[in-house]
Amino acid sequence: HRTTQEKAPWKSLPDLHGHVERQFVFPVHLGSTVTPYRLLEPWKAVLPVAGGGVLSDEGIDAYPDLSARWGAAEAIWQAHRSDSTKISLTEQVDWQGKLGKQFPVPTYRVVYTKSGTKLAAATVTDQRQAIDHKLYWAPAATLAEARYLTVIFNSTALLTRVQGLQSRGQFGARDFDTYVFAVPFPEYDSSNATHVAIVAAAERAEEVAARVPLPESAGFQRARKLIREALAAEGIGAEVEAHVEELFSTLTG
């Protein structure tokens, strides 16, 4: 997948073509495929993952097509990586466990965007899908817990409390990283009426977001704007904010 966001020297290199065993083609979500309460079409990536983990170089060699593909990619990586980089392509793909820690994949995950002016979060239930480093993810014990967290992460109430912690660039606050957890909020409790109401609101928000028509030419920023406008028009946006503010008030008195 080629984009205008590629950096030198990679953007000037030709496409890589070839065959690979189907099991190694994974759908992958990036920051640009996540909108509030809705996942856009994931990208596809060839990942050396089998048996619930990342394959070693020797493990890759057991699959002829993957081995050929990975060998070609490794040669490109070796030729064009920076002088200070000494690790292999496999080590880069799983640097600090960023890929391996995702497997085995939890049944329910919450993802939220790493950077931007507004947080966007959604629930992931497809265990085949991998997560790119431009997203943060966390497992959830249940679908209800995942939806509860998604509401909190999408709320303006959380955003306003996080902004003072963010690094700032030319266009204002940027990275959210793990700052969202610097703002205290209660763990999900299925016996708490407010928590149950938040989960119900999340389910309605997902339904509204799924119905929003998104032109093929619309970028992810436009898609997020259209979905937020639809949520506001349905009254769900205001309902969510009231619930999350109530959550925060229980901890601040």
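The values are calculated or read from the model by the stated rules, or taken from the named source; none is laboratory data. Source: prediction; values computed, not measured. Because the Cβ atoms are built from the backbone with ideal geometry, glycine has one as well, and the counts that use them run over all protein chains shown. Just so you know, the surface numbers come from the protein's heavy atoms only, side chains and all, with ligands and any DNA or RNA stripped out. Shrake-Rupley method; radii C 1.70, N 1.55, O 1.52, S 1.80 Å.
So here's what we get for this one:
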| read-out | value |
| --- | --- |
| Residue-count net charge about Thr156 - beta-carbon cut-off 15 Å; Lys, Arg +1, Asp, Glu -1 | 0 |
| Taking the chain and dividing mean pair separation by its residue count, relative contact order in percent (alpha carbons under 8 Å, at least six apart) | 19 percent |
| Whole-percent carbon and sulfur share, accessible surface of segment 132-249, 1.4 Å | 54 percent |
| Estimated dipole of segment 1-132 in Debye, rounded to 20 [Cβ of Lys and Arg +1, of Asp and Glu -1, Cα centre] | 660 debye |
| Accessible surface of segment 12-104, 1.4 Å probe, proportion on carbon and sulfur as whole % | 55 percent |
| Proximal aspartates and glutamates relative to Lys118, as straight alpha-carbon distance under 12 Å, when same-chain residues fewer than 8 apart are discounted | Asp175 |
| Heavy-atom surface of the chain, accessible at 1.4 Å and reported per residue (Å²) | 55 Å² |
| Point-charge dipole on Cβ atoms (K/R +1, D/E -1) for the chain, about Cα centre, debye to 20 | 700 debye |
| Coordinate range along principal axes, alpha carbons of segment 169-241, Å, largest first | 44, 34, 17 |
| Candidate values (1) 0.97; (2) 1.01; (3) 1.09, label of the one derived for Rg/Rh (Cα atoms, Kirkwood Rh) | (2) |
| Net charge, Phe185 excluded, C-beta distance under 13 Å - Lys, Arg +1, Asp, Glu -1 | -4 |
| Estimated 222 nm signal from helices in the chain, with DSSP H stretches of n ≥ 4 weighted -39500 (n - 2.57), rounded to 500 | -11500 deg cm²/dmol |
| Cross-link table Lys44/Lys134; Lys11/Lys101; Lys11/Lys98, entries beyond 18 Å C-alpha to C-alpha | Lys11/Lys101; Lys11/Lys98 |
| Volume per residue of the C-alpha convex hull in segment 36-159, rounded to whole Å³ | 131 Å³ |
| Dipole axis of the chain (+1 Lys, Arg; -1 Asp, Glu on Cβ), positive-most option in Ser56, Phe26, Ala223 | Ala223 |
| Nearest 10 degrees, 0 to 90: helix 193-211 Cα axis against the chain principal axis | 60 degrees |
| Spatial extent of segment 111-231: Rg and Dmax, with the Cα atoms as the point set, Å | 14.8, 45 |
